[in-house]
Amino acid sequence: MALAPTAAITQRSARSNTPLVVLGVLYGAVLLASWSPDTLHLMMPGSLEEGLKGGFNPQFFPTLGSVMALFSRPFTAASFLLHVAAINLIAARSAYLDGLVSRVPTAHSILLSAVVGPLGLLCHQLTKGTYSLLAALTGKDLRPAARPVAEKSGSGTITIMPYE
């Protein structure tokens, strides 16, 4: 998405849900493999009985020690990495697809999303805002020119002209 944003294969794969489904299935399988009898207790320590005693007495907040114990397990750490990878892919895909519509550069936002997903989305919104502000100040549209998209198949070519 960052290296060849206008390539047909990039656009098709970015619009496809297949990578998200694959990550979801892998995440589910690894999460299931990471489950053990004490997992729920580590995630939500405390007791319901103590929590229902008078006043505000929350019981089910994980402690730092229990989170450290969970992530010291290889399958739990792997499920966390797959979880983060899915979030970052969704963020990068969102910035990329929005960039195609709004005609703003997205390579920097996509690369940032690959590492820290939500900050990549923030960067994309700042880029869009910057282009809007510059257009308002200069009276010119400084975005890259819209290009027609040609989709080829065995039976011919369809060219979609950009809307202006």
* Extension gain from A69 to I87, taking 0.36 nm per residue of separation minus the Cα-Cα distance -> 4.1 nm
* **Mean ellipticity per residue at 222 nm, deg cm²/dmol - from DSSP H runs of n ≥ 4 across the chain, formula -39500 (n - 2.57)** => -20500 deg cm²/dmol
* For L122 and K152 in the same chain, what is the full-extension length gain: residue separation times 0.36 nm, less their Cα-Cα distance, in nm? -> 7.3 nm
* Okay, which of segment 16-53 sit inside 15 Å, backbone N to the point 7 Å along the Cα-Cβ direction of Q59? -> 41-53
* Quick one, what does Rg over Rh come out to for segment 61-117 if you take C-alpha atoms and the Kirkwood Rh? -> 1.21
* To do: Excluding residues fewer than 8 places away in the same chain, name every one of the lysines whose C-alpha is closer than 23 Å to that of K128.
  => K140
* Can you tell me the 0 to 90 degree angle between the C-alpha axis of helix 18-34 and the longest principal axis of the chain, rounded to 10? => 10 degrees
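Calculate the tail of P(r) for the chain: the fraction of all Cα-Cα distances greater than 27 Å, expressed in %.
49 percent
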* Whenever you get a sec, compute what percent of the accessible area on segment 1-62 sits on carbon and sulfur atoms (1.4 Å probe). => 71 percent
* L64 accessible area, assembled protein chains, probe 1.4 Å, Å² -> 130 Å²
* Structure fact -> Ordering 102-108, 38-44 by per-residue average of other C-beta atoms within 10 angstrom, highest first, gives 102-108, 38-44
* Asked: Hey, if we sort L26, L48, L100 by accessible area with the 1.4 Å probe, largest down, what's the order?
  -> L48, L26, L100
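The values are calculated or read from the model by the stated rules, or taken from the named source; none is laboratory data. The structure presented is a predicted model; accordingly, all values stated were derived computationally and were not measured. Positions of Cβ are generated from backbone atoms using ideal geometry, with glycine treated the same way; all protein chains shown enter the neighbour counts. Heavy atoms of the whole protein, side chains included, go into the accessibility calculation; ligands, DNA and RNA do not. Shrake-Rupley method; radii C 1.70, N 1.55, O 1.52, S 1.80 Å.
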